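Notes for the one structure printed next.
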Amino acid sequence: GVTRLLLTRIPFFKEIIVSSFSCDSCSWSNTEIQSAGRIQEQGVRYTVAVTSRQDMNREVVKTDCASARIPELDFEIPAFSQKGVLTTIEGIIDRAVAGLEQDQPARRATDKEVARKIDEFIGKLRQLKEVNSPFTFILDDPSGNSFVENPHAPQRDEALVVTHYRRSPQQCALLGLEVDAKPPDAADDLRDEVLQFNTNCPECNAPASTNMKLVQIPHFKEVIIMATNCDSCGHRTNEVKSGGAIEPQGTRITLRITDPSDMTRDILKSETCSVEIPELEFELGMGALGGKFTTLEGLLKDIRDLVEKNPFTLGDSSTPSRTGKLQEFIGKLQDVKGKAQAHFIMDDPAGNSYLQNVYAPEEDPELSVQRYERSFEQNEDLGLNDMRTEGYEPEPASGR
């Protein structure tokens, strides 16, 4: 026979080699696929919620080391039991049916009970092709080279969940990879990985996803950045949480703004930080705007948006005098971003806020950082007065 090889690229995936064999004598034909790339850094798991006939036509690249499962039938195609194939979800089911039917005549002659049970299971597999009821198709490939089509690409597919994971030592051994004797540090995994969890959009309540990343800020500490994007209404939001504990002392950071280049300084404003600009008689209380990791210019823009979108300054609720004062304040704020000199003060009782020192590790002549002991009221706001870290275990009952 003749074997034909084709190097092709699957959109939004990678290059593969498709081999096709055909025999002119008996008309037998067969197709296989091999990955044209190397084994990926992580394994991949595709979970598809099949709800219609269109889902059965999704293209599937299944390598020989991938396993396929349908939990509703407790059915699994183990790894290395089939050659790599480029097919559809329906084609995967057809190949499974063909494999089970192959030895049925011999089973019916030797063990009718087993043959009857297999016939019943084949009937269940064929009913799946009609999609009378939804089912789940899971493709798990430790090499990371399998693929399930997203017909809505590059948009998100709500019925398809793609999960990347670190291979176990057993999976590495099956792939012929050397197993590192030293297990990886869990903290290092978090630094290199973007975690994702499902949530609802705060604007339209549609299902959305939140990405979370652990980031190390130079000359400071680790923070957690969370970003939410809604595909339905386009709403986008981000928030920053401190990755460490509350500091023993509070922090008061004062920057004297003297040049427009100060607007590019990085700022980490935690949710417990208040902001003050004495020249404008402006103060932003604790909790306003939430946690932010941005630049000084970005934070001033958020302050301006907060003032402009205040419902008591718009429409029938506003008065000409109040509106005039706010417009005057916005003008002064714009001058601070341009040429006017001012002091920018960040007061964080938790000590988890940060303002970039552009001269680091040397001292910044325009930046001062003062640490202070928190007052009772500040500890009360942070919930520290009632927090017990020692002696909280219940005392054992004295026996008689």
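Of note:
- Residues in region 227-248 that are farther than 21 Å from residue 155 by Cα, of a type in the set (A, V, I, L, M) and either modelled with pLDDT of 85 or more or open to solvent by less than 50 Å² (accessible area, probe 1.4 Å) (or both): 240 alone.
- Among the residues listed as 215, 223, the single one being modelled with pLDDT under 85, open to solvent by less than 50 Å² (accessible area, probe 1.4 Å), touching a Phe, Trp or Tyr at 6+ places or on another chain (Cβ under 7 Å) and under 20 Å from residue 298 (Cβ atoms): 223
- Of the residues making up region 103-146, those that are open to solvent by 40 Å² or more (accessible area, probe 1.4 Å) and assigned to a loop (DSSP other than H, G, I, E, B) are 103, 111, 129, 130, 132, 133, 134.
- When the criteria are applied in full, residue 81 fails the requirement of being at pLDDT 90 or above, assigned by the TED database to the domain that holds residue 156 and among the polar types (S, T, N, Q).
- Scanning region 217-232 for residues that are in contact (Cβ under 8 Å) with a residue 24 or more places away in the chain and within 25 Å of residue 163 (Cα to Cα) turns up 223, 225, 228, 230, 231, 232.
Yes or no, residue by residue, for (1) free of Cβ contacts under 8 Å to residues at least 40 places away in the same chain; (2) under 21 Å from the mean Cα position of the chain (by Cα); (3) not in a loop (DSSP other than H, G, I, E, B):
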{"position": "199", "(1), (2), (3)": "yes, yes, yes"}
{"position": "237", "(1), (2), (3)": "yes, yes, yes"}
{"position": "241", "(1), (2), (3)": "no, yes, yes"}
{"position": "256", "(1), (2), (3)": "no, no, yes"}
{"position": "283", "(1), (2), (3)": "yes, no, yes"}
{"position": "286", "(1), (2), (3)": "no, no, no"}
{"position": "300", "(1), (2), (3)": "yes, no, yes"}
{"position": "307", "(1), (2), (3)": "yes, no, yes"}
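- Residues in region 309-326 that are surrounded by 13 or more Cβ atoms within 10 Å (Cβ to Cβ) and part of a helix (DSSP H, G or I) were compared, and the one that is modelled with the highest pLDDT is 326.
- Matching strands (runs of 3 or more DSSP E) fully within region 55-99 where at least 1 residues are buried (at least 18 other Cβ atoms within 10 Å of the Cβ) and in contact (Cβ under 8 Å) with a residue 40 or more places away in the chain: 59-62, 67-70, 85-88
- Scanning region 258-276 for residues that are over 32 Å from the mean Cα position of the chain (by Cα), in a helix (DSSP H, G or I) and among the polar types (S, T, N, Q) yields one hit, 261.
- Verdict on residue 288 being under 24 Å from residue 351 (Cα atoms), out of contact with any strand residue (DSSP E or B) (no Cβ under 6 Å at 6 or more places or on another chain), surrounded by 12 or more Cβ atoms within 10 Å (Cβ to Cβ) and at pLDDT below 80: yes
- For region 257-285, the candidate set comprises residues that are buried (at least 20 other Cβ atoms within 10 Å of the Cβ) and in contact with a Gly (Cβ under 9 Å, 6 or more places away or on another chain); within that set, the residue that is farthest from residue 222 (Cα to Cα) is 275.
The values are calculated or read from the model by the stated rules, or taken from the named source; none is laboratory data. Here the structure is a predicted model, which is why all the values come from computation and not from measurement. Every residue, glycine among them, receives a Cβ derived from its backbone with ideal geometry; neighbour counts consider all protein chains shown. Just so you know, the surface numbers come from the protein's heavy atoms only, side chains and all, with ligands and any DNA or RNA stripped out. Shrake-Rupley method; radii C 1.70, N 1.55, O 1.52, S 1.80 Å.
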